[in-house]
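Structure, as structure tokens:
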């Protein structure tokens, strides 16, 4: 059985700090290192910011649902929206050597999560599944 | 996030505190661009009390740097906490920004 936490917020950037706080608290329950927790906090924040920017095109009146689930083996975070369909095949972060504004969020997401995948079965909106495999504290 | 603009030894210094994210970075962008429009030769951003930065915050500084480079101005960062520095390093921004240990080191180099 997994432990789960669900956070539902309006698609307004002011709620990103709340999502970051929940992410940090959830990680602390599972004894993740400060470094991994910081990376997860940034990655979840970037994923939710992408929902506001791209799926909702800045509309702050919509809904974002973030679900946290953990087992002994992994941490799964699901981010759901009802906005414009993402096109993962077109998503790629900028070349890190090409210094310009934007294009970093996806790098921050992919560097910490082992799996980053959109649920293609979802008919309306998006469901982004992020999985981080857990190791023992000694391995962190 | 708190933004304080002051002078230190004749240089403009922007001291930031708190979290720089998608919510707070538009206000930071506005303040930075107003300062840069005055074409300072040196602008120092002090990160001592910054606890978090995301890609929107980084984009704000990259934009500021690009503006300052058009007139050979210098955008310098000082007192960057380790966690923030790690993000700059991963993003390879430690190679493009002038990163200084202390405020004094920034204004003296």
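What is the calculated FRET efficiency for residue B:51 to residue A:59, with r their C-beta to C-beta distance and R₀ = 25 Å, to the nearest 0.05? Walk me through the numbers on the way to the answer.
Working: r = 29 Å, r/R0 = 1.14.
Calculated value: 0.30.
Taking 8 Å as the Cα distance limit and 6 or more residues as the minimum spacing, I'd like the relative contact order of the stretch A:3-133 as a percentage.
On the way: 222 pairs, mean separation 35.3, N = 131.
Computed value for the stretch A:3-133: 27 percent relative contact order.
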Q: For chain A, divide the Cα radius of gyration by the Kirkwood radius and give the resulting Rg/Rh value with two decimals.
A: 0.95
Q. From a point 7 Å beyond the Cα of residue B:98 in the direction of its Cβ, which residues of the stretch B:26-43 have a backbone N at a distance under 13 Å?
A. B:40-43
Q. Based on the alpha-carbon gyration tensor of the stretch B:61-109 and its eigenvalue square roots a ≥ b ≥ c, which shape applies: rounded if a/c is under 1.5, prolate if not and a/b is larger than b/c, or oblate?
A. oblate
Q) How big is the stretch A:36-76 by the Kirkwood estimate over distinct Cα pairs, in Å? A) 11.6
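What ratio of Cα Rg to 2.2 N^0.38 Å holds for chain B?
Details: Rg = 12.4 Å, N = 109, 2.2 N^0.38 = 13.1 Å.
Compactness ratio reported: 0.95.
If you take the beta carbon distance between residue B:4 and residue B:33 as r and set R0 to 25 Å, what does 1/(1 + (r/R0)^6) give as a FRET efficiency, to the nearest 0.05? Don't skip to the end; give the middle numbers.
Values: r = 17 Å, r/R0 = 0.68.
Once rounded, the FRET efficiency stands at 0.90.
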**Q.** Residues in the stretch A:24-52 reached by a label modelled at residue B:85 [backbone nitrogen below 19 Å; 7 Å Cα→Cβ]
**A.** A:34-36, A:38-39
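Restricting to DSSP H runs of at least four residues, report the calculated mean residue ellipticity at 222 nm for the protein assembly as shown, -39500 (n - 2.57) per run over all residues, nearest 500 deg cm²/dmol. Walk me through the numbers before you get to the answer.
Working: 7 runs with 82 residues, N = 249.
Helices in the protein assembly as shown give a 222 nm mean residue ellipticity of -10000 deg cm²/dmol.
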Q) P(r) of the protein assembly as shown in 10 Å steps, Cα pairs, percent per bin? A) 7, 30, 33, 21, 9, 1, 0
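We did not get these values from a lab; they are worked out from the coordinates using the rules stated. Remember, predicted model here, so these are calculated numbers, not experimental data. Here Cβ is always computed from backbone atoms with ideal geometry, including for glycine, and neighbour counts include all displayed protein chains.
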